[in-house]
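Just below is one structure, and these are the notes that go with it.
The values are calculated or read from the model by the stated rules, or taken from the named source; none is laboratory data. Bear in mind that the values here come from a model prediction, so they are computed numbers and not experimental data. Positions of Cβ are generated from backbone atoms using ideal geometry, with glycine treated the same way; all protein chains shown enter the neighbour counts.
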Amino acid sequence: MDKPLVSIIMSTLNTKEEYLKQAVNSILNQTYSNFEFIIIVDGGEDDKILEEFKDDRIKIIKHKNPEGLTKSLNEAIEICKGKYIARMDSDDISLKNRIEIQVKYMEKRTETDMTATFYKEFGKNKKTVMECFNKPKQIDSKLFYTNMISHPSVMFKKEFLIKNNIKYNEEYMYSQDFELWTRISKIGNIAIIPKFGLEYRIHDKQISSGKSQKQSELYNQTLKRNLKELEIEEKNIKYMLMLNSRNTDIDIDGIDKFIKLAINKNGEIKRYNERIFKKVLKTAFAITLVREKRILTFSFLKHSIYLFYIIRKKILYILTNIYI
């Protein structure tokens, strides 16, 4: 085939046959067709399932022994031919015009280095995930305390990765995506396209309890690095975890003080856009107060203006028919 505009990369290891076939078919049946599909079989026998697909856009690379998702993705990136690199996971489903939507967006907005999309969870849990802070500086600020980007929905500009020597950090077996986003957002532009591009499967075999603990440790390591950039002590990570719902033992006064500290430190260091950073953190605090049923408090009234801004934006997204 001629040089593809898009390279789609995926790694698989003993994925349930039904899930793997659905994932592959969702890519092969995209409305946009000028792509190569690089699949790393990271050990196991998934290549036997993939042999059923007779499509010359598929390129299979098999590892004799598992090397892990992070290394597999870096290997795939090295051999990509496309201008853009899109991620996919072996148990999820890309909606039929996901790639077309992202290509059109990035071709039109050439300053964009990475995009993601809204997504819908299905399987064990069901949830629709929309992100109203979806512009580069807003995303940069929100990544300070949480990861709101769905890994298998992203698309990168390959030239940006090469120019800045950016790849997944192989010290991160898990939560490698969050660590990568925080580095990209410092020097590049990330946008979340307000359209649905992915169905994200929730199932029991995703992460075992042991892996889940390690994933949390690596996730927290990225948060601690974010705190260090603002010269804030690591012990304050507990308030970030309260804001992103990973810690349900809520200390409202503590969060309030932490947000003031973070805003003041950022004012001195200038790491994030000051106005947007303030809006993002105060909105997160207002949402936490609503979640905790603390809406009839002075703290809520003080920060609610930002929450109302977000609610208005979400309603506008729905009214303008964001569904694909």
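Every residue, every condition in (1) farther than 19 Å from residue 100 by Cβ; (2) at pLDDT below 95; (3) among the β-branched types (Val, Ile, Thr), yes or no:
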position: 25; (1), (2), (3): no, no, no
position: 28; (1), (2), (3): no, no, no
position: 40; (1), (2), (3): yes, no, yes
position: 44; (1), (2), (3): yes, yes, no
position: 55; (1), (2), (3): no, no, no
position: 61; (1), (2), (3): yes, no, yes
position: 64; (1), (2), (3): yes, yes, no
position: 71; (1), (2), (3): yes, no, no
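Can you find, within region 158-180, the residue that is nearest to the chain's Cα centre (by Cα) among those that are touching a residue at least 60 places away in the same chain (Cβ under 8 Å) and buried (at least 21 other Cβ atoms within 10 Å of the Cβ)?
Top of the filtered list is 176.
Scan region 40-79 for residues that are within 22 Å of the chain's Cα centre (by Cα), under 15 Å from residue 14 (Cα atoms) and in contact (Cβ under 8 Å) with a residue 40 or more places away in the chain and report the count.
The total comes to 3.
In this structure, is residue 146 surrounded by fewer than 22 Cβ atoms within 10 Å (Cβ to Cβ), within 30 Å of residue 265 (Cβ to Cβ), at pLDDT 95 or above and of a type outside the set (D, E, K, R)?
Considered against the rule, which asks whether it is surrounded by fewer than 22 Cβ atoms within 10 Å (Cβ to Cβ), within 30 Å of residue 265 (Cβ to Cβ), at pLDDT 95 or above and of a type outside the set (D, E, K, R), residue 146 comes out as yes.
Check whether at least one residue in region 226-238 is out of contact with any Asp or Glu (no Cβ under 6 Å at 6 or more places or on another chain), within 14 Å of residue 286 (Cα to Cα) and either in the same structural domain as residue 184 (by TED's automatic domain parsing) or surrounded by 16 or more Cβ atoms within 10 Å (Cβ to Cβ) (or both), and report yes or no.
There is no residue in region 226-238 that is out of contact with any Asp or Glu (no Cβ under 6 Å at 6 or more places or on another chain), within 14 Å of residue 286 (Cα to Cα) and either in the same structural domain as residue 184 (by TED's automatic domain parsing) or surrounded by 16 or more Cβ atoms within 10 Å (Cβ to Cβ) (or both).
Output the number of residues of region 24-37 satisfying the condition of being in contact with a helix residue (DSSP H, G or I) (Cβ under 9 Å, 6 or more places away or on another chain) and crowded, with 18+ Cβ neighbours inside 10 Å.
6
Looking at region 13-24, which of the residues that are part of a helix (DSSP H, G or I) and touching a residue at least 12 places away in the same chain (Cβ under 8 Å) is farthest from the chain's Cα centre (by Cα)?
17
Among the residues that make up region 254-264, is at least one of them in contact with a Lys or Arg (Cβ under 6 Å, 6 or more places away or on another chain) and at pLDDT 95 or above?
Yes - at least one qualifying residue is present in region 254-264.
With the condition kept exactly as written, say whether any residue in region 197-211 is at pLDDT 95 or above, buried (at least 17 other Cβ atoms within 10 Å of the Cβ) and of a type in the set (Asp, Glu).
Scanning region 197-211 turns up at least one residue that is at pLDDT 95 or above, buried (at least 17 other Cβ atoms within 10 Å of the Cβ) and of a type in the set (Asp, Glu).
Can you tell me which residue within region 268-287, out of those that are of a type in the set (Val, Ile, Thr) and under 21 Å from the mean Cα position of the chain (by Cα), is nearest to residue 137 (Cα to Cα)?
276
Just to verify a result, which residue in region 99-133, among those that are among the β-branched types (Val, Ile, Thr) and out of contact with any helix residue (DSSP H, G or I) (no Cβ under 7 Å at 6 or more places or on another chain), is surrounded by the most Cβ atoms within 10 Å (Cβ to Cβ)?
It comes out as 99.
Scan region 38-48 residue by residue and report those that are surrounded by fewer than 17 Cβ atoms within 10 Å (Cβ to Cβ) and either in contact with a helix residue (DSSP H, G or I) (Cβ under 6 Å, 6 or more places away or on another chain) or assigned to a loop (DSSP other than H, G, I, E, B) (or both).
44, 45
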